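Participant: Once you've had a glance at the structure underneath, I'll fire off some questions.
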Amino acid sequence: MRKFKAALVATLVATMLFGCGKASDEAVVGISVEKLEDVPEVTPAATEEVSEEEAVDEDAPPAEGMVRSYFTNKWVDEEVNKTRPLAVMYPINKEAQPQYGLSNVAVFYEIMEEGSMSRQMGILEDWAGLERIGNIRSIRDYFVYAALEYDPIIVHFGGPELYVSKILTRDDVDNLNGVGGSAMGPSYDAFFRVPEGSTSEHTAFTDGAHVSSAIEKAKFSLEHRDKFEGDSHFTFTGYSNPNTLEDYSDAVEATEIDMAGCYPVTKSALKYDEEKGEYLKTLYGQPQKDALTGEQLSFANIVIQRTYHETRDDNGYLAYQMHDTTNDGYFITKGKMIPITWEKTEDYGPTTYYDENGDEVVFNTGRTMIFVVQLKGKSFSTFKVNGTEYAD
């Protein structure tokens, strides 16, 4: 915009000098700097027909070697796209906040576990330079099934052996297990404690250097494997042509998302920031922030994914059916919400979301928050959008 303003001022000056009859050499020499100050300042409002968004070619990389992220559609270095992401298990307990590495999350999950508590999993890209990641807690098998479609390295600190060891030790599943042991895989020295020597929960961390070293020790592939399709994970649109959901007659206002009925302890919620065009996330009524950057988590897209589940045993361990073709949910973006259906038919195939016309939902460029919630009629299945409760 500064270049545009300077060019317009120059044009106005040239018009003054040469555009109104024949100007003499003396007139040209005689114009002072003070006269130039009388030229009116050109503001964006005075040039509505030329906006910065219109001037940007969204298909042109901003720098050599940059490509569109598979998971957010933002521009990233090509090496970021080649490198497998991490699927990191983050606890959601109040005493575990804030956490490290959240600013590098591309897709974020929240799902209930036993004890009426939920847990988070972040799909982290561009993680190699991170100074700290975590803290890190245990995993459940349904998180593994949710993660596989990103072809990640799974980073966790144990889990219920009876239910997770089979999937974690499958030949194609690469995981770094903080508690070590062959039942759920080795740690490959990927983890450290803060403070050093602590053995209590919420004190296990890793960083980009430790993960890189562990991947080398484990002989895991650092780059995406053939199982990964190598395409955009969602169907994306760019900033200059956002999906506002205005074309949907069944779209409703969705600027305040209250998930407390699904996650009663954490009371996860999001509020739409119209200026930013994204939803800001809170936990326990407070902004959920990255401890490294101080940045509050924000998302361009929100998915509420209703999912069949069962209680497995007297300990309350749960099972979620992450492969399905029969269930529904909601898609939220740009202050609106529409009903959707979803399907996932194979481990490495992406979960795909469809509108009620049967067309694939178009995601806006940016991060995505996915709430996997229990089917309607269950204990943790209701949520509120702009004060209206959704339970059916």
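The values are calculated or read from the model by the stated rules, or taken from the named source; none is laboratory data. Since we're looking at a predicted model, the values are computed, not measured. Heads up, the Cβs are rebuilt from the backbone with ideal geometry, glycines too, and the neighbour counts pull from every protein chain shown. Calculation scope for accessible area: heavy atoms of the full protein, side chains included, ligands and nucleic acids excluded. Shrake-Rupley method; radii C 1.70, N 1.55, O 1.52, S 1.80 Å.
Participant: In the range 157-166, is there at least one residue being more than 17 Å from Ile133 (Cβ to Cβ) and assigned to a loop (DSSP other than H, G, I, E, B)? Let's see the steps before the verdict.
Facilitator: Step one: filter the range 157-166 for residues more than 17 Å from Ile133 (Cβ to Cβ), giving 159-166.
If we keep only those that are assigned to a loop (DSSP other than H, G, I, E, B) as well, we get 159-160.
Yes, because at least one residue in the range 157-166 is more than 17 Å from Ile133 (Cβ to Cβ) and assigned to a loop (DSSP other than H, G, I, E, B).
Participant: Go through the range 265-295 and give me each residue that's in contact with a strand residue (DSSP E or B) (Cβ under 9 Å, 6 or more places away or on another chain), closer than 22 Å to Glu113 by Cα and of a type outside the set (D, E, K, R).
Facilitator: If the condition is that a residue be in contact with a strand residue (DSSP E or B) (Cβ under 9 Å, 6 or more places away or on another chain), closer than 22 Å to Glu113 by Cα and of a type outside the set (D, E, K, R), then Val265, Thr266, Ser268, Ala269, Leu270, Thr282, Leu283, Gly285, Gln288 are the ones that fit.
Participant: State all residues of the range 268-290 that are in a loop (DSSP other than H, G, I, E, B) and either open to solvent by 10 Å² or more (accessible area, probe 1.4 Å) or on the phi > 0 side of the Ramachandran plot (or both); if no residue qualifies, say none.
Facilitator: Going through the range 268-290, the residues in a loop (DSSP other than H, G, I, E, B) turn out to be 268, 274-277, 284-285, 288.
Passing the criteria: Glu274, Glu275, Lys276, Gly277, Tyr284, Gly285.
Participant: In the list Glu310, Glu216, which residue meets the criterion of being without any contact (Cβ under 8 Å) to a residue 24 or more places away in the chain, surrounded by fewer than 18 Cβ atoms within 10 Å (Cβ to Cβ), out of contact with any strand residue (DSSP E or B) (no Cβ under 7 Å at 6 or more places or on another chain) and not in a loop (DSSP other than H, G, I, E, B)? I'd like the intermediate steps shown before the answer.
Facilitator: Values: Glu310 fails: out of contact with any strand residue (DSSP E or B) (no Cβ under 7 Å at 6 or more places or on another chain).
On inspection, the qualifying residue turns out to be Glu216.
Participant: Kindly establish whether Asp174 is at pLDDT 95 or above, among the acidic types (Asp, Glu) and open to solvent by less than 20 Å² (accessible area, probe 1.4 Å).
Facilitator: Yes: the conditions hold for Asp174.
Participant: Among the candidates Phe228, Phe205, single out the residue that is part of a strand (DSSP E or B) and open to solvent by less than 60 Å² (accessible area, probe 1.4 Å). Talk me through it step by step, then tell me what you get.
Facilitator: Working: Phe228 fails: part of a strand (DSSP E or B).
Result of the check over Phe228, Phe205: Phe205.
Participant: Something else now. Give Ile111, Ile167, Ile153 a once-over and let me know the one that is surrounded by 24 or more Cβ atoms within 10 Å (Cβ to Cβ) and under 21 Å from Tyr317 (Cα atoms). Full working, then the answer.
Facilitator: Values: Ile167 fails: surrounded by 24 or more Cβ atoms within 10 Å (Cβ to Cβ); Ile153 fails: under 21 Å from Tyr317 (Cα atoms).
One residue alone meets the criteria, Ile111.
Listed here are the residues, each with its yes/no results for (1) assigned to a strand (DSSP E or B); (2) under 21 Å from Ile139 (Cβ atoms); (3) open to solvent by less than 20 Å² (accessible area, probe 1.4 Å).
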site: Leu292; (1), (2), (3): no, no, no
site: Ala319; (1), (2), (3): yes, yes, no
site: Thr326; (1), (2), (3): no, no, no
site: Ile338; (1), (2), (3): yes, no, yes
site: Tyr348; (1), (2), (3): no, yes, no
site: Phe380; (1), (2), (3): no, yes, no
site: Lys384; (1), (2), (3): yes, no, no
